[in-house]
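Report on the following structure.
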Amino acid sequence: EGIEFLVSKKYDKYGEVYSRNRIRLGTVFAFLLEMYYPNGLDIYDDECINFLRVKAREHFDGFELADKNRAIRARLQDFCIPVARGVWKLDRHEYLLSTELRNAILSYIDAYKISIVPISAVFSRFDEELSVIGITNKYYLQGQLKKFLSGKYAVNRDYIFKDDNTSMYSLIESYVKHSEKLISKQDILEAFPGVTEITIQQVAMATGVMNMNGYYVHIDNLNITEKENRDLYSAV
């Protein structure tokens, strides 16, 4: 009772915890994630989100999280880092990558032949070194890359951008357009290590690149005349 009296003079009590200042969302998340999801939380699982909502009330004297699960997911991403597809873990602001490994990865990115580097390519290049420290997928790697690349390059879920004005779509489109031969899917995969087949399919849907029975050509290279275009339109 004496200890509790002394503590209560300096800290405010919220349910099962004491806090020096008004309880904040980050404190609530840190406590709940450490206790119930130390290895990561599937933020797209509504049952997990609802569980957090219940436990926040239970442990923090009725503390209410946002009504919308989408809002809670967004705030979780502010305090956590990805460790698997859809799974996020409390960010302890520690570097898992050694200085030597960070420098090796940075050199690989700097030397990469195009201005957009797929994170899957980085993961494939350093998979042995990464597995030793428990990074077993590109999503976990993405969270660690952001820690030391954010001041130099932009990083999203799939890519590292060395030039903010370039997109993977525009790079692949330019590659196909300026090629002197028909381009196969394998050609694109070899020219852009780490790019996925889904990305190639989306490029063919969203740009001037056309998929012609497994080969890729740019519509500008077909040299279709205005008359041919009108005839084709009329026929269709």
Task: Centre separation in Å (Cα based) which lies between the stretch 114-164 and the stretch 18-73 - done: 28 Å
- [ ] Could you order E173, E1, E226 so the one with the most accessible surface comes first? Probe is 1.4 Å.
- [x] E1, E226, E173
Open item on the list: Using just the Cα positions, wrap the stretch 97-203 in a convex hull and report its mean projected area in square nanometres, one decimal place.
Closed with: 6.9 nm²
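Once the Cα gyration tensor of the stretch 38-171 is found, what semi-axes does its equivalent ellipsoid get, as square roots of 5 times the eigenvalues, in whole Å, sorted largest first?
Computed over the stretch 38-171, the values are 32, 17, 12 Å.
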Task: Approximate spin-label separation E129-R157, in nm, with each point projected 7 Å along Cα-to-Cβ - done: 2.7 nm
- [ ] Put one equal scatterer on each alpha carbon of the stretch 156-204, apply the Debye formula with no solvent term, and list log10 I(q)/I(0) at q = 0.31 1/Å to two decimals.
- [x] -1.43
Task: Inverse of mean 1/r across different Cα pairs in the stretch 1-51, Kirkwood, Å - done: 12.9 Å
- [ ] Find the percent of Cα-Cα distances in the stretch 59-114 that exceed 18 Å, and round it to a whole number.
- [x] 60 percent
- [ ] Calculate, axis by axis, the spread of Cα positions in the chain along the three principal axes, and write the results as whole Å, longest axis first.
- [x] 92, 48, 26
Task: Apportionment of accessible area to carbon and sulfur, the stretch 162-236, percent (1.4 Å) - done: 51 percent
Task: Å² per residue, accessible surface of the stretch 135-236 at 1.4 Å - done: 62 Å²
- [ ] Treat the stretch 181-236 as a sphere of radius equal to its Kirkwood radius over Cα pairs and apply Stokes-Einstein at 25 °C in a medium of 0.890 mPa s; give the translational diffusion coefficient in µm²/s, rounded to a whole number.
- [x] 194 µm²/s
Task: With Cα atoms, 0 to 90° folded angle of helix 168-177 axis to the chain main axis - done: 10 degrees
TODO: Holding the Cα-Cα limit at 26 Å, pick out from K113/K147; K138/K162; K9/K68; K89/K146 the pairs that are longer than that.
DONE: K9/K68
Open item on the list: Between T136 and E180, how high is the FRET efficiency from 1/(1 + (r/R0)^6) when r is the Cβ-Cβ distance and R₀ = 45 Å? Nearest 0.05.
Closed with: 0.65
Task: Theoretical FRET efficiency, 1/(1+(r/R0)^6), r = Cβ-Cβ of N39 and E64, R0 25 Å, to 0.05 - done: 0.40
Task: the stretch 29-121, accessible surface, carbon-and-sulfur percent (1.4 angstrom probe) - done: 49 percent
Open item on the list: Starting from the Kirkwood Rh over alpha-carbon pairs, what translational D in µm² s⁻¹ does the stretch 1-117 have by Stokes-Einstein at 10 °C and 1.306 mPa s?
Closed with: 95 µm²/s
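The values are calculated or read from the model by the stated rules, or taken from the named source; none is laboratory data. These numbers come from a predicted model, not from an experiment. Cβ coordinates were reconstructed from backbone atoms using ideal geometry, including for glycine residues, and neighbour counts include every protein chain displayed. For accessibility, only protein heavy atoms count, side chains too; no ligands or nucleic acids. Shrake-Rupley method; radii C 1.70, N 1.55, O 1.52, S 1.80 Å.
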